[in-house]
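What follows is a single structure, written as structure tokens, with notes after it.
Any read-out appearing in this document is the output of simple, stated calculations on the displayed coordinates, not a laboratory observation. None of these values were measured; they are calculated from a predicted model. With ideal geometry, Cβ positions are generated from the backbone for all residues, glycine too; neighbour counts draw on all protein chains shown.
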Amino acid sequence: MVPGREVYWNIQYGQFLYVLAAIVIGIMVFAFYRRVRLWRLGRPENRVDHLGKRLRSFLVAAVVDGLFHRKFLEMFRGVGHRQTTSDDLKPRDFYPGFAHFLIFAGLGMLLLATFLDFISHYFFHFLTGGVYLAFSVVVDSFGILAIIGVVLVIIRRYGQRPTRLDNRPEDLVALVLILVAVLTGYVVEGFRIAATELVRTPDWAPWSPGGYVLARAFSGLNMETLLGWHRGMWWVHLSISLGVVAYVALSWNRLWHIIVSPMNYFFRSLAPRGALSIVDLDGERFGAGRIQDFTWKQLLDLDACTRCGRCQEACPAYAAGKPLNPKKVILDLKDQMVEEGKSKTPTPVRDMITERVGEEEVWDCTTCRACQEACPVAIEHVQKIVDMRRDLVLMRVKFSTELKGFYKNIEENGNPWAKSPVSRGNWAEGLGIKKLGQDTATDTLYWVGCLAAYDERISRIAIAVSKLMKSAGVDFAIMGKEERCCGDAVRRSGNEYLFRKLVDRNIEVLKKNNIKRIITHCPHGYNAFKNEYPKFGGDFEVLHHTQLIADLLSKGALKAPQKELDKRVTFHDPCYLARYHDIYDAPRQVMASIPKLDLVEKFQCKEKTFCCGGGGARMWMAESGGGRRISEVLLDQVKAVKPDVLVTACPYCMTMLDNEVREKGLETAIQVLDIAELYRNSLGE
Amino acid sequence: MNIVVCVKEVPNPTFPVEVDIQKNAVKSEEWNYVINPYDEVALEEAVRIKEKFGGQVTVITLGAERAGAILRKCLCIGADRAILIPSDSAFAWDGFAIANVLSKAISRLPHDIVLCGYQSIDRGGAEVGSIIAELLGLPVVTAVVKLDIAPDGKSATVCRRLERGARAVKRSPLPALFTADLMLNEPRYPTLPCIKWALKQEIEKLDVKSLGVEAGPLTEFVTISRPPPKKVFIPTGALSPAERIKLLTGGGAAKKSSSNIVEGAPHEVAKKVVDFLAEKRFLL
Ligand code: SF4
Ligand code: SF4
């Protein structure tokens with residue numbers, strides 16, 4: 001006799017299964033349609049552009065996730081390096097990643113097996129003989145893996161209880177349902193094996209290890225009982241499995257993430273990471289003050305969230321004890337969406353920002369993007385937070401007095417301080433630097449930015465950068481009093497209108513002077529020119545000074561440093577350099593060129609860098625109530641590696657860290673330097 | 001409640017303004033002009049009253065054509081009508097000449113309240129408001145820090161700033177003219193819908209001649225002389241940003257040698273400060 005299995009053995013009316021399945025599928029479609037209607041509360045947005053690219057990276061993600069799982073990739077790469085296969089694939093921490101993989105693979109295999117059984121039964125009879133036995137042992141073992149996975153997850157959720165997970169009844173329901181469905185499957189198999197294989201062909205039985213164990217336990221029973229129990233359990237297993245699906249569908253249980261999260265990944269943003277959406281200034285509403293102001297994709301995001309809490313763990317504001325928690329923002333918005341979907345009144349039952357998410361939360365964000373970097377399902381937190389700020393600023397004018405002064409100063413003086421634009425180029429006096437308008441024989445502009453123009457500490461960075469550019473023979477000019485704020489912080493604080501006025505004005509002046517290339521020492525200006533100005537007609541080649549110095553050094557245009565430093569140095573990666581633009585090798589190349597520089601990496605570096613707390617216009621607002629300063633938490637990480645010199649490459653990071661170091665009285669122990677200053681100091685001149 | 005607010009454009013105070021002594025005027029720089037901050041406060045108050053009692057807010061200015069820009073800002077903040085009386089020479093006029101023209105224009109507009117800034121930050125004459133009131137025969141209260149309109153809209157109770165923190169409370173029937181002190185309120189930042197509305201409005205123009213006044217100053221300008229230069233504190237990088245800001249806002253590095261500094265445990269200090277405020281009648 002050839003090994004094999006008779007489908008519907010001992011079962012009458014087995015085909016009734018198809019009727020039930022059809023009903024359950026109907027229920028799923030219905031539940032999904034109800035959800036689609038919720039997403040359609042949102043505004044339109046095109047997320048089906050570049051279909052080829054979307055499909056390709058989706059498949060890569062599916063294969064990587066399904067077959068190898070992201071966790072295993074991380075083992076093959078250095079910690080803290082962005083992998084190259086697909087931009088938004090994120091590694092996960094080992095334990096939950098492994099457990100998720102077991103469940104994913106186990107259930108996936110069981111589903112596949114059912115499908116193959118179906119094919120084999122009705123079409124090609126291929127599951128016989130050795131193939132059947134091999135099939136049987138593989139499927140059976142994967143089912144056992146799924147059970148192990150569920151147990152691991154239960155231990156984590158209810159034993160270890162990490163803070164980033166909040167336990168809701170639906171989590172336990174989902175886990176128990178999976179467990180019951182799989183276990184009853186084994187019970188059915190056990191009865192079948194006890195009644196057939198154990199009696200007739202005992203050497204086949206161990207090829208179904210899960211069922212075999214149970215079959216041995218049942219084997220004492222008489223045939224009549226076995227057959228009865230088998231039949232009963234078959235129907236129980238069937239109804240539980242289908243019931244699970246129906247229940248999950250209707251209650252919109254978290255298991256929907258199996259479908260919605262991949263969908264969300266498919267529709268994810270392909271725009272550059274640092275480009276915010278453009279507000280239609282001719283429209284009626286600006287920003288998001290109610291759920292309908294978001295786009296359908298932003299609402300899909302809310303349902304794709306698996307509540308894994310990775311964003312919460314990564315958020316610097318949360319780590320510093322501020323009210324903001326990116327996970328909670330997403331979940332609050334989801335509640336708002338559900339409530340708005342049910343509500344019959346045109347005005348919201350609860351105000352989305354003030355009564356749901358919380359104003360403080362909206363203002364706490366530094367737009368550091370750590371949450372998005374951590375999110376496994378490509379949810380876009382920063383855009384939502386900025387959209388809510390836009391509503392507060394443009395529609396309600398609800399913001400702090402500091403921001404009001406900040407806007408007013410920029411409107412009237414072109415800089416965040418009440419300082420005259422006329423004195424903007426004063427720092428450069430006596431350095432022999434060209435100014436636009438006087439001698440415009442260059443197409444390369446050194447964008448100095450507001451901080452370096454007026455703050456004496458930051459001016460020293462600009463002086464170091466200009467000196468090194470001159471020594472390398474770079475032909476450049478500065479704008480002097482023609483320069484105005486680039487608008488980064490203005491935009492991230494939500495004032496799109498003022499931002500657009502600045503962009504239009506700056507692009508006009510830059511074009512008038514035939515500027516083709518912009519060099520800047522500010523990652524925020526870098527992002528603005530690289531990712532935001534092009535949308536308004538300003539296309540320039542943009543270089544950050546870390547890239548420029550690394551490039552000039554490798555070409556030999558810049559003198560290699562001679563002086564031995566003989567110090568422990570740590571580098572703080574600015575969010576807008578590392579996480580937004582993947583620039584973290586350039587500064588390290590520069591540091592590597594300095595003799596006897598002992599580079600020690602912080603616990604969180606490169607794309608995992610911990611924000612200084614100054615981005616997203618936070619530097620211009622008062623420290624919000626509660627918690628510590630974000631820069632304080634960052635300094636703890638710095639202190640842990642005991643550096644003599646703390647190097648960074650951003651005026652915001654410099655200001656925040658310099659301030660924090662002084663605040664803690666560490667200015668003699670830790671020297672805070674920009675990479676350009678570090679380079680110039682080691683020339684030995 | 002119809003309110004007329006007189007506003008003026010002034011040189012942006014953060015610019016190092018250069019005075020042209022020959023012409024008795026400041027040298028013009030790019031976007032060198034802003035609304036006189038006192039007038040902005042007056043306008044804000046007018047808009048708040050309108051929001052409570054209804055009516056119309058009209059802003060009016062006498063000045064160069066480019067002053068249309070500040071009128072537009074006034075529309076953003078909440079004015080309903082904006083009137084420009086163009087004059088290329090008014091910047092050199094004295095208070096009487098300006099008040100004379102403005103009062104004629106105001107007399108043609110319905111007005112229950114006229115609001116002016118207490119003074120302009122460029123010349124600081126602090127006289128135009130009072131002269132307008134005189135010419136229109138209205139009661140006037142200057143340097144107002146609090147303005148309450150009676151529910152029936154027939155009178156106003158106002159609080160005016162005196163020296164050393166003292167306050168005088170006065171009551172006046174309406175119509176009346178008030179000049180606003182900077183402490184009266186915190187002017188709002190306009191919403192984008194308001195800005196967009198304001199951009200579509202027309203700025204009305206009123207010819208000085210059509211007002212039928214003999215326009216011109218009564219006094220004559222002779223010269224301006226400069227005071228000796230003052231030493232200004234410059235923050236250096238040796239200080240932390242927090243210290244720099246403290247010094248800048250504090251006005252200098254020197255410690256104040258006053259006997260008013262109270263020291264001790266926080267609650268004692270707080271009590272002394274409250275006592276001091278009460279004694280000086282800051283706490284009403
Ligand atoms: S961008 Fe940064 S600060 Fe803002 S929510 Fe995300 S992690 Fe937190
Ligand atoms: S937003 Fe992303 S990272 Fe945060 S809890 Fe949801 S799925 Fe996890």
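Look at the dipole of chain A built from charges on Cβ: of A:206, A:331, A:261, the Cα furthest out on the positive end belongs to A:331. Per residue of chain A, the DSSP helices (runs of n ≥ 4 H) give a summed -39500 (n - 2.57) that works out to -16000 deg cm²/dmol at 222 nm. Only Lys, Arg, Asp and Glu carry charge here, each on its Cβ (+1 for the first two, -1 for the last two); on that basis the range A:528-601 has a dipole of about 220 debye about its Cα centre.
Ranking A:616, A:12, A:235 by Cα position along the charge dipole of chain A, where only Lys, Arg, Asp and Glu carry charges on their C-beta atoms, puts A:616 farthest toward the positive end.
Note on residue A:508 and residue A:6: their simple-model spin labels are 8.8 nm apart, each label 7 Å out from Cα toward Cβ. Counting Cβ atoms of other protein chains within 10 Å of each Cβ in A:497-504 and taking the mean gives 1.
When peptides A:50-57, B:65-72 are ranked by their average number of other Cβ atoms within 10 Å per residue, the highest-first order is B:65-72, A:50-57.
For the range B:79-189, relative contact order (Cα pairs under 8 Å, six or more residues apart, normalised by length) works out to 26 percent. Rounded to the nearest 20 debye, the dipole magnitude of the protein assembly as shown is 600 debye, with +1 charges on Lys and Arg beta carbons, -1 on Asp and Glu beta carbons, and the Cα centre as origin. Take each residue of peptide B:185-194, count the partner chain Cβ atoms within 10 Å of its Cβ, and average: the result is 5.
Could you name the aspartates and glutamates whose alpha carbon sits less than 20 Å from that of residue B:271, not counting residues in the same chain fewer than 8 places away? Hits, sequence-local ones excluded: B:263, B:279. The Cα-based radius of gyration of chain B, divided by its Kirkwood radius, gives an Rg/Rh of 1.01. To the nearest ten degrees, helix A:456-471 and the longest principal axis of the Cα atoms of chain A are 80 degrees apart. Since only B:178, A:249, B:147 are under comparison, the one whose Cα sits farthest along the positive direction of the charge dipole of the protein assembly as shown, derived from C-beta charges on Lys, Arg, Asp and Glu, is A:249. Cysteines in chain A lacking any other cysteine Cβ under 4.7 Å from their own Cβ: A:305, A:308, A:315, A:365, A:375, A:450, A:485, A:486, A:522, A:605.
Relative to its Kirkwood radius, the Cα radius of gyration of the range A:177-298 gives an Rg/Rh of 1.36.
Compared with the alpha-carbon gap, the fully stretched path from residue A:360 to residue A:456 is longer by 31.4 nm at 0.36 nm per residue.
Taking a quarter of the surface of the Cα convex hull of the range A:426-507 gives a mean projected area of 5.8 nm². The order of the peptides A:408-420, A:281-293 by mean Cβ neighbours within 10 Å, most packed first, is A:408-420, A:281-293. In terms of packing, defined here as the mean over residues of other Cβ atoms within 10 angstrom, the peptides B:217-229, A:182-194, B:140-152 line up highest first as A:182-194, B:140-152, B:217-229.
Taking a point 7 Å from the Cα of residue A:180 along the Cα-to-Cβ direction, none of the residues of the range A:127-143 has its backbone N closer than 11 Å to it. Around residue A:204, what is the net charge, scoring Lys/Arg as +1 and Asp/Glu as -1 over all other residues with Cβ under 15 Å from its Cβ? After counting each charged neighbour, the total is -1. Taking the fewest neighbouring Cβ atoms within 10 Å as the starting point, the ordered list for B:96, A:135 is B:96, A:135.
Summing Lys and Arg as +1 and Asp and Glu as -1 over all other residues whose Cβ lies under 10 Å from the Cβ of residue A:288 gives a net charge of +3.
Overall, the range A:301-450 carries a charge dipole of about 120 debye about its Cα centre when +1 sits on the Cβ of Lys and Arg and -1 on the Cβ of Asp and Glu, all other atoms neutral.
Inter-chain Cβ neighbour count for A:456-462, averaged per residue, equals 3 (cutoff 10 Å, partner chain atoms only). Can you tell me how the range A:134-208 classifies by the Cα gyration tensor, rounded, prolate or oblate, using a/c under 1.5 as the rounded cut? Prolate.
Treating r as the C-beta distance of residue A:470 and residue A:48 and R0 as 51 Å, the FRET efficiency rounds to 0.55. How would you classify the protein assembly as shown from its alpha-carbon gyration tensor, with a ≥ b ≥ c the square roots of the eigenvalues: rounded for a/c under 1.5, else prolate if a/b is greater than b/c, otherwise oblate? Note, shape of the protein assembly as shown comes out prolate.
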